[in-house]
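I have placed the structure first, in the form of structure tokens, so that the comments after it can refer back to it.
Every number here is computed from the coordinates shown, using simple stated rules; none is lab data. Only a predicted model underlies this, so the values are computations on that prediction, with no experimental measurement involved. Here the Cβ is made from the backbone with ideal geometry for all residues, glycine too, and neighbour counts use every protein chain on show.
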Amino acid sequence: MHPNPAFRGETEERSAAFAAERGFGVLAVNGAEGPVLAHVPFLLSADRRSAELHLVRSGPIARMAPVEAVIAVTGPDAYVSPDWYGVADQVPTWNYVAVHLRGRLLPLDAAEMRPMLERQSAGFESGLGKAPWTMAKMSEEAIARMLRQILPFRLEIARIDGTWKLGQNKPAEVRRAAAARMAGTHGSEPAEVARLMDEA
């Protein structure tokens, strides 16, 4: 997380809502030979105190739990050209949103895997504008094969940290000038960062 307090002013509630909406992040733990990472979809609980996820049974993190862990959830990011500020003596930078969910990763009973997958798919399928996919579309044999390969886990969240680095350390008119120039560049992420900079 960025140490500048200007970028740490968002509420825990907004950071948690951002993480819940993204639903995907990098799970990281300390291993004997250094950091160990896994890219995971997760479902944040309504009270924002836990996240459900699953891991491949053969993955190293699956064998390490219970263990202290963090899920890093990244959002839109974009390069900021010093020219866009319209004032002298600026430097290149990168604006972004990132949220870290910190806590203890706990293994769950294997019997919890199927209900967890049903909750996750229901959550991710909602809002797609179609009839939701369900596990009823799979054969029991295919489900059994899948369930043998993955294990359920829960991250008990102790802390939610957010960095919303959107130029809040600049005067509003300078930040908005950069946002207007950024919005004109190609790609969806610069446009989203520009929108957030306007709101900051």
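A few comments on the model shown:
- 5 angstrom amide H check on residue 80, placed H, neighbours 5+ away: 93, 94, 95
- Across all directions, the shadow cast by the convex hull of the range 97-200 built on its C-alpha atoms averages 10.2 square nanometres.
- Backbone amide hydrogens, once placed in the peptide plane, bring residue 67 within less than 5 Å of 105, excluding anything fewer than 5 places away on its chain.
- With θ taken as phi - 60° and the Karplus curve 6.51 cos²θ - 1.76 cosθ + 1.60 applied, the whole-hertz 3J(HN,Hα) list for the range 80-86 is 10, 6, x, 5, 6, 6, x Hz, x standing for glycine and proline.
- Checking every one of the chymotrypsin sites (Phe, Trp or Tyr not before Pro) in the range 52-140 against DSSP loop status and a limit of 14 other Cβ atoms within 10 Å picks out 133.
- Residue by residue, the range 38-52 carries 3J(HN,Hα) couplings of 9, 9, 9, x, 8, 10, 7, 5, 4, 8, 6, 9, 7, 10, 8 Hz when phi is fed to the Karplus relation 6.51 cos²θ - 1.76 cosθ + 1.60 (θ = phi - 60°); x denotes Gly or Pro.
- For the range 5-171, size of Cβ-based charge dipole, Lys and Arg +1, Asp and Glu -1, in debye: 240
- Going from the fewest other Cβ atoms within 10 Å to the most, the residues 53, 43 appear in the order 43, 53.
- Most mobile of 113, 138, 182 in a GNM of the chain (Cα contacts under 10 Å): 138
- Here the range 1-64 and the range 106-147 have alpha carbon centers that stand 21 Å from each other.
- Nearest-0.05 FRET efficiency for residue 118 and residue 13, computed from C-beta distance (R0 25 Å): 0.35
- Prolate/oblate/rounded label for the range 139-180 (Cα gyration tensor, a/c 1.5): oblate
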